[in-house]
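First comes the structure, then the notes that go with it.
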Amino acid sequence: MSGKRYAVGGAFFMAILVLPPVLRWMESSMIGVMLGQIPVLVVAGWLFGFALPRRFIEWLNCWNENGLPGLLLAISVLTFWLLPRSVDASLNEPLLRLAKWMMLPLLVGMPLSLSWKRLHPIARGIVHTNAISMLVVMGWLYLSVPVRVCNSYLLSQQNALGRMMIALAIVLAAFWSLRLFVATTPNEPTTR
Amino acid sequence: MRNTIAIVLTLVFGFGLLWHGTDGFRAFTSETARRLAILQEPKLLPAVQLEDQNGHTFSWQDQRGQWVLATFIYTRCSDVCPVVEMNLRRIYDAIRQSPHSHRLSFLSISFDSQNDTPEMLMHHAHHYGADGVTWRMARVPNERELQRLLNMMGVIVIPDGKGGYEHNAAFYLLDKKRRLVRIFDYNNPQAVIAELNHLLAKEASSKVVKK
C-alpha cells in the first residue's frame, strides 16, 4: 500500500516536470536544468525505489550488500548527465533526452534509495563532504571560466549557476554541521 | 563475493560510460566534441545560396579553388560579434601580407536574414574594413537552407527575447572541396594565423610536387 503511494509520488514529480510550461521554464535556464530538473528526476527515482516488490529488493541486496555498487552506479551515471556535453545533447537530441529521463530516475535515484541505508556511516559522510566540495569546485569553475560550456545557454546563466552552486554548498555545509550538534548521531533514528 | 563482483561491474560500466561520453576524456563540451569530430573527418557543406553585401548571389562552387575562413554573426550584435569580427580582421590583415593571400578568402555569414539586408551588410563591411571581394559579408535568404547550414556547422542560435541572439562563435575553415576541415577559437587570432599559414603552405608545396 505505502509502496504504491511512493510510486505515485515519483510519477507525480515526473509528470509535473514533463508539463510543457514547466519543461520550457526549467530548460530555459541552466539553473533550472542543473538544480531543478536533474535533482527532481533523481528524487522521483528515489521514491520509485521504495515501491519495488520486496522479493526483487532482496535479490538486489545480495549484489548490493554494503551499498557501494549502487552508490558507484549512481555517481557515474549522474556525472555523465552533468557533463556540459550531455546537457547540450539532451536538449537538442530527442533520443538522448529520453535516455536522460530514463537513466536519472532508474540508474541514479533508485540505486541511491536502495543503497543509502546500507552504506557505512563513513561512506555516507564521504558522500556528504564530496557533494559539498564538488558543488564549490563546479560553482567556482562556472564563475571563472570565460567560455560558455553549454552551447544552449548564455554565459550570464552559467555565472548565475556558479553562484547558486556555491550558495547551495554553504547551505548544505551549514545544515549538515548543525545537525551534528543539534541531533544525536542518526545511526538508529527509529528508536525514538 | 557477489557484492565485490557488482562493484567491479559498476566501475567498469561507469568508466565505459564516461569514456564514451567524452570521447576518451578529451571532449567535455559539445563544442570540443564537434571540433574533434571535424578534425578526424571533414564534413561536406550543404548546398546553399548566399547573398553578399552587393546583393549578388553566390554559392560555395563560386569560390574559385580558394579556401574560405567563415564565421557567423549578425550585424546588430553588441557583445561577441564585434570581437569575432575584429579578430577576423586581424587574421585577414595577416594573411593579406603572407604569400598565401590568394589562396584564402573570408566570409562573415549573418544568420539574421530578416534584418541584415545587403545595405546593412555593406555598412558592416565598411565598418570592419572588409574589401568586399576577399572578405565578403553575406546572408542566407532561404530560411531552411540557413538552418541546414547552421546545423551542419554546429552553430546554435538562440533568440534572447530582446531582438538579439545568443550564439556560439568560432572560425570555420572550408577547403576547396567544400568541406569543413577545422573549427578555431574566435579569441585566439594568432593561433589561427599560424595554423592557416601552415595549412596553406602545405597545400602550396603539394601542388608544386604534383606539377
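The numbers here are math on the coordinates, done by the rules we state, and not lab data. Keep in mind it's a predicted model, so treat the numbers as computed, not measured. Reconstructed Cβ throughout: ideal geometry from the backbone, glycine too, with neighbour counts over all protein chains shown.
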Relative contact order (%) - criterion: Cα under 8 Å, at least six apart; region: chain A: 23 percent
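Which percent, to the nearest 5, of DSSP beta bridges fully inside the protein assembly as shown are antiparallel?
Within the protein assembly as shown, antiparallel bridges account for around 55 percent of the total.
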Alpha carbon centroid spacing (whole Å) that separates the range A:65-133 from the range B:1-76: 27 Å
Helical contribution to [θ] at 222 nm, DSSP H n ≥ 4, -39,500 (n - 2.57), averaged over chain B, rounded to 500: -14000 deg cm²/dmol
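How big is the antiparallel share of DSSP beta bridges in the range B:43-210, given as a percent to the nearest 5? Write out the running numbers ahead of the final one.
Numbers: 16 of 28 bridges.
Roughly 55 percent of the beta bridges in the range B:43-210 run antiparallel, per DSSP.
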Environment charge at B:Ser113 (Cβ cut-off 15 Å; Lys +1, Arg +1, Asp -1, Glu -1): -3
FRET efficiency for B:Thr57 and A:Val145, using Cβ-Cβ distance with R0 set to 35 Å, rounded to 0.05: 0.30
For q = 0.13, 0.15, 0.19 Å⁻¹, Debye-computed log10 I/I(0) when each Cα of chain A counts as one equal scatterer: -0.79, -1.04, -1.45
Options A:Leu180, B:His123, B:Phe184, ranked by Cα towards positive dipole end of the protein assembly as shown, top entry (Cβ charges): A:Leu180
Filtered chymotrypsin sites (Phe, Trp or Tyr not before Pro), the range B:8-116: DSSP coil and at most 13 other beta carbons within 10 Å: B:Phe25
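At 0.36 nm per residue, minus the direct Cα-Cα distance, what do A:Ala174 and A:Arg97 gain on full extension? Give it in nm, one decimal, please.
Extra length available between A:Ala174 and A:Arg97 comes to 24.3 nm.
Report the percentage of all Cα-Cα pairs in the range A:1-83 whose separation exceeds 15 Å, rounded to a whole percent.
66 percent
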Debye intensity ratio I(q)/I(0), log10, chain B, q values 0.08 Å⁻¹ (C-alpha model): -0.33
Simple spin-label estimate for A:Leu19 and B:Leu44 in nanometres, 7 Å along Cα-Cβ: 4.8 nm
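Would you mind counting up the charge near B:Gly21? Only other residues with Cβ under 14 Å from its Cβ, with Lys and Arg at +1 and Asp and Glu at -1.
My count for the surroundings of B:Gly21 gives 0.
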For the range B:152-201, size of Cβ-based charge dipole, Lys and Arg +1, Asp and Glu -1, in debye: 320 debye
Tilt relative to chain A, helix A:121-144 - C-alpha long axis, 0 to 90 degrees, to 10: 0 degrees
Disulfide-incompatible cysteines by the Cβ rule (no partner under 4.7 Å) in the protein assembly as shown: A:Cys62, A:Cys150
Cβ charges +1 (Lys, Arg) and -1 (Asp, Glu), total dipole of the range B:68-123, debye: 300 debye
For B:Met137, net neighbour charge (Lys/Arg +1, Asp/Glu -1) across residues whose Cβ lies under 9 Å away: 0
Chain B: relative contact order in percent, alpha carbon pairs under 8 Å with at least 6 residues between: 27 percent
Sites B:Asp79 and A:Ser133, calculated FRET efficiency, Cβ-Cβ separation with R0 45 Å, nearest 0.05: 0.85
Convex hull of Cα atoms in the protein assembly as shown, direction-averaged projection (nm²): 25.0 nm²
